[in-house]
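Trainee: Below is the structure I would like to discuss, written out as C-alpha cells.
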Amino acid sequence: MTFPDEFVWGVSTAAYQIEGATTVDGRRPSIWDTFSARPGAVACGDTGEPAADHYRRMSEDVTLLADLGVRAYRFSIAWPRVVPDAAEVNPAGLDFYERLVDTLLQAGITPWPTLYHWDLPQALEDRGGWAERETAYRFADYVAAVLGRLGDRVGTWTTLNEPWCSAFLGYGSGRHAPGRTEPAAAVAAAHHLLLAHGLGASVIRGQARAARVGLTLNLFPVSVADPDNAGDVEVGRRIDGLQNRLFLDPVLRGGYPADVLADLEPYGLGRLLTADDLEVISVPPDLLGINYYRDLYVSSVPDARSGPPSEWVGAENAGFPRRGLPRTDSDWDINAGELTGLLLRLHETYPPVPLYLTENGAAFRDRVSADGAVSDAERIAFIADHLRAAHAAIERGVDLRGYFYWSLLDNFEWAEGYTKRFGLVHVDFATQRRTPKASASWYSQVMADNGLREHDDRAR
Ligand code: FCB
C-alpha cells in the first residue's frame, strides 16, 4: 500500500506539552501554568514542568527525529515566550524557535509550526481571554513578531490547533484552561478564535508571500444510536454543527451554517459578528489540518457516562453510549474506518483544499521492560489501521497530502497530566531518558517505504 509521491510523513508535538522551562529566558505564565497549579485540575497534580524538558534537550530531540527519518516536524510556538505578559516582544523567546528551525533545516527536516496550541498568555486571560475580541488582535500582533523572525525560513504555517478545544473545553466545560464554565463565553471564544485565524493568516500572507497557511481542526464523524429516532437525529445534528461545521463553514464557505447560528442564538453568536468578520475568517487557506482520534456516537438518552453537556452548548440531552469497541488508555473508542468517511465528506461537500492529517495517535500503558525494550503492538496496529483508512480515501479521490503521528514523545497530556503516553518514544519523566518504542522503528520503516508492507503490523 503505497502513498502518493511527495506525501509528507511527520510527527507532532506542542510547546506546553514538551518544553518545560516555563520560567526561563523571559517566558511568563500561560493559562495552562495557572490552570495546572489549581488543585484537582490536572491528574496527579501534574503541571507542564518539567514536561519532556525539550527546551533544554532540543538538539538531542532533533537528532531523534533525524534518526527516525521523519521528514516534517509539527511543533508549536509558545506565545508566552514570544510576547510574555502580552507586552513587549521577547527576543530570547524567538531565539529558541529560530535555533529549533535552523537545527531542523540542517537535519533536512521540514519545520511545520503551529502558532497557537492552547497556551494563551495569562495576562490576556486576565483581560477576558478568548471571550474578548481584543485577544484576536493581540494574536495578529504576536504572529507578526514570529513572522518577522522566521518568515524567511518556514514554508507552511498553521494558525491554530483545535479551536473547538480552546473554546468549548476552556470556557464551556472547564476541563481545560482557563477552566471557565460560561457557555456564552465559549461561543464568543469560538468566534474570536476564528477571527484570530483569519487575521493571523492575512499577516502571514503579507509577510511571507511564498508561504502556505492553514489551520488545524479536530473533526469528529458523528453517528447516532438510532437513525430512525428523531431525537437522536436532532442531537447528532447539533453536535455535528458545534464540533465540525461551526469551524469548517466560516473558513471554507464564508458563513456560519444557518442551523448552528439558530442553535447558538441564545448564546449570542449572531450579536458578535461585525460586518466584515466572515470575510476575514474565510481568507482561503492553502491547506487544512485534521486531527483525528475517534468518532462520536450519540443518542438523545443521557446516561451516567455522558460527556459534560456544556461541551456541546445547546445539546444538553446528549448521551454517549458505548458500543463495545476496543478502547485506548484515554478510554477513547478505536474506530479507524470512520476516518475514510470523514475525509470523503470534506472532499465531497466543501470547496477543494489540500488536507493533512496533522494528528492521529493513541495512548497505551507502555512500559520499558527489563531488556530496555518497549513493545507497543497496539500502537502499531492503531497506526496501520488509520493509514489504511486514509489510503482508502486517497484511492477515492481525496487530496490527502500528509500524515503526522501524535506524538514524538510521551508528554504532558493536558488534564490527564503525565498519565497518558502517546509517544513513539517513551519518556521517563524522572530522568528524562528517551527510549524509542517498537512503534518508532516500525513507523520509520513506513516513512522510508512511503507506505505499508503487507501484513507488517501483524505483530499485534
Ligand atoms: C489533541 C491535542 C494534542 C494532544 C492530543 C492527544 O486534541 O491537539 O495536544 O493532547 O489531543
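The values are calculated or read from the model by the stated rules, or taken from the named source; none is laboratory data. These numbers come from a predicted model, not from an experiment. Positions of Cβ are backbone-derived with ideal geometry, glycine not excepted, and every protein chain shown enters the neighbour counts. Surface accessibility is based on the protein's heavy atoms, side chains included, excluding ligands, DNA and RNA. Shrake-Rupley method; radii C 1.70, N 1.55, O 1.52, S 1.80 Å.
Trainee: Roughly what % of Cα-Cα distances in region 54-112 sit above 17 Å, to the whole percent? Please report the intermediate quantities before stating the final value.
Mentor: Details: 677 of 1711 pairs.
Summing the P(r) tail past 17 Å for region 54-112 gives 40 percent.
Trainee: Less than 13 Å from a label point 7 Å out along the Cα-to-Cβ axis of R365: which backbone N atoms in region 404-438 qualify, by residue?
Mentor: Only 420-421 pass the distance filter.
Trainee: Among rounded, prolate and oblate, which fits region 1-124 when a ≥ b ≥ c are the square roots of the eigenvalues of its C-alpha gyration tensor, a/c under 1.5 means rounded, and a/b larger than b/c means prolate? Mind showing how you got there, number by number?
Mentor: Numbers: a/c = 2.11, a/b = 1.63, b/c = 1.30.
Note, shape of region 1-124 comes out prolate.
Trainee: If you restrict to DSSP beta bridges whose two residues both lie in region 8-452, what percentage is antiparallel, to the nearest 5? Could the numbers behind the result be given before it?
Mentor: Working: 7 of 41 bridges.
Looking only at bridges with both residues in region 8-452, the antiparallel portion is about 15 percent.
Trainee: While we're looking at this one, here's another question. Applying 1/(1 + (r/R0)^6) with R0 = 45 Å to the Cβ-Cβ distance of V233 and A92, what FRET efficiency is obtained, to the nearest 0.05?
Mentor: Details: r = 54 Å, r/R0 = 1.20.
Calculated transfer efficiency: 0.25.
Trainee: May I have the convex hull volume per residue, in Å³, for the Cα set of region 8-452? Walk me through the numbers before you get to the answer.
Mentor: Values: hull volume 60.2 nm³, N = 445.
Per residue, the Cα convex hull of region 8-452 comes to 135 Å³.
Trainee: Now for a separate question. Normalised by the number of residues in region 337-429, what is the relative contact order in percent for Cα pairs under 8 Å and 6+ residues apart? Before the final figure, lay out the partial values.
Mentor: Details: 122 pairs, mean separation 33.8, N = 93.
Reported as a whole number, the value is 36 percent.
Trainee: Hey, how many Å between the Cα centroid of region 137-177 and the Cα centroid of region 44-91?
Mentor: Result: 15 Å between the Cα centres.
Trainee: Distance in nm between label sites at R396 and E265, each 7 Å beyond Cα in the beta-carbon direction?
Mentor: 3.5
Trainee: If you take the charge dipole of the chain about its Cα centre, with +1 on Lys and Arg Cβ and -1 on Asp and Glu Cβ, which of G341, G20, A66 is farthest toward its positive end?
Mentor: The residue sitting most towards the positive pole is A66.
Trainee: Then there is this: On a full-extension model of 0.36 nm per residue, what is the gain between D141 and E182, subtracting their alpha-carbon distance, rounded to one decimal in nm? Let's see the in-between values first.
Mentor: On the way: separation 41, 0.36 × 41 = 14.76 nm, distance 2.70 nm.
Separation in residues times 0.36 nm, less the Cα-Cα distance, equals 12.1 nm.
Trainee: Ignoring ligands, DNA and RNA, what percent of the accessible area of the chain is carbon or sulfur (1.4 Å)? Don't skip to the answer; put the middle values down first.
Mentor: Details: 8300 of 16490 Å².
Carbon plus sulfur share of accessible area: 50 percent.
Trainee: Could you give the length gained by full extension between A37 and E6, i.e. 0.36 nm per residue of separation minus their alpha carbon distance, to one decimal place?
Mentor: Working: separation 31, 0.36 × 31 = 11.16 nm, distance 4.36 nm.
That pair, A37 and E6, stretches by 6.8 nm at full extension.
Trainee: At 7 Å along the Cα-to-beta-carbon direction for both R388 and E279, put a label point, then send me their distance in nm to one decimal.
Mentor: The modelled label-to-label distance comes out at 5.0 nm.
Trainee: Something else now. Describe numerically, in nm with one decimal, the distance between label points set 7 Å from Cα along Cα→Cβ at L344 and at D331.
Mentor: 3.2
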